[in-house]
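For reference, the structure discussed in these notes is given below.
The values are calculated or read from the model by the stated rules, or taken from the named source; none is laboratory data. Treat the numbers as computed from the prediction; the structure is a model and nothing was measured. Please note: Cβ atoms are built from the backbone with ideal geometry, for glycine as well, and neighbour counts cover all protein chains shown. Heads up: the accessible areas ignore ligands, DNA and RNA and are worked out on the full protein's heavy atoms, side chains in. Shrake-Rupley method; radii C 1.70, N 1.55, O 1.52, S 1.80 Å.
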Amino acid sequence: MHSIKVKDYLNHRPVTFSQNMRIEAAVEKLLQSGQSGGPVIDENKKVIGFLSEQDCLKKMLEATYQNESHSVVSDVMNAEPFCVSADDSIVQMADRMTVNTPKLYPVCDSDGILVGVITRAHVLLALDKHLHDNYESGHRYV
């Protein structure tokens, strides 16, 4: 099971954001993508932050009360995102995701360059496939 890696299940084409993007534009991207958040990257695809639905919700609610918005992604993003490696095991990811942590992680290479993202749904799919495959192989010989 530890041989199943993040790289086998990650999304290679996630929605991403730039730090200067207006919050309203970022919200539109999130809504269209169906992701619950996404990495903020620089011009070299290096991950410099993470923007979540929760971050956007707080800022959009504030803008609604003030009837205006001048915020950009860098105003609300988490500037210390936790990246995982494509070579991390799915079991490690499942353990990490069972506590109150993000639902989505940027997957980066050793230089912090974005490779993709891995979500709880991806991890569940990997675990389900593994269990199903084991069940099938175990019952072939019965």
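Compute the length gained on full extension between residue 36 and residue 113: take 0.36 nm times their separation in residues and subtract their Cα-Cα distance, giving the result in nm to one decimal.
Full extension of this stretch gives 25.7 nm more.
Provide the descending list of Cα extents for the chain along its principal axes, expressed in whole angstroms.
67, 32, 25
Please give me, ordered by residue number, the GluC sites (Glu not before Pro) of the range 15-74 that lie in loop per DSSP and have at most 16 other Cβ atoms within 10 Å.
Taking the range 15-74 and a limit of 16 other Cβ atoms within 10 Å, the loop GluC sites (Glu not before Pro) found are 43, 68.
Starting from the Cα of residue 59, draw a straight line to each of the lysines and keep only those under 28 Å, dropping any in the same chain fewer than 8 residues away.
Within the straight-line cut-off, residue 59 pairs with 29, 45, 46, 103.
How many nm separate the modelled label positions at residue 8 and residue 29, each set 7 Å beyond the Cα in the direction of the Cβ?
Placing both labels 7 Å beyond Cα along the Cβ direction yields 3.1 nm.
Could you work out the local net charge near residue 116, counting Lys and Arg as +1, Asp and Glu as -1, over the other residues with Cβ closer than 10 Å to its Cβ?
Net of charged neighbours comes to +2.
Write down the accessible area per residue of the chain in Å², having rolled a 1.4 Å probe over the full set of protein chains.
Dividing the accessible area of the chain by its residue count gives 61 Å².
D for the range 1-65, whole µm²/s, Stokes-Einstein with Kirkwood Rh over alpha-carbon pairs at 10 °C and 1.306 mPa s: what number?
It comes out at roughly 121 µm²/s.
For residue 86, which sequence-distant residues (separation of 5 or more, or a different chain) have an amide H within less than 5 Å of its own amide H, given hydrogens modelled in the peptide plane?
108
Within the accessible area of the chain, what % is carbon and sulfur when the probe is 1.4 Å and the other protein chains stay in place?
51 percent
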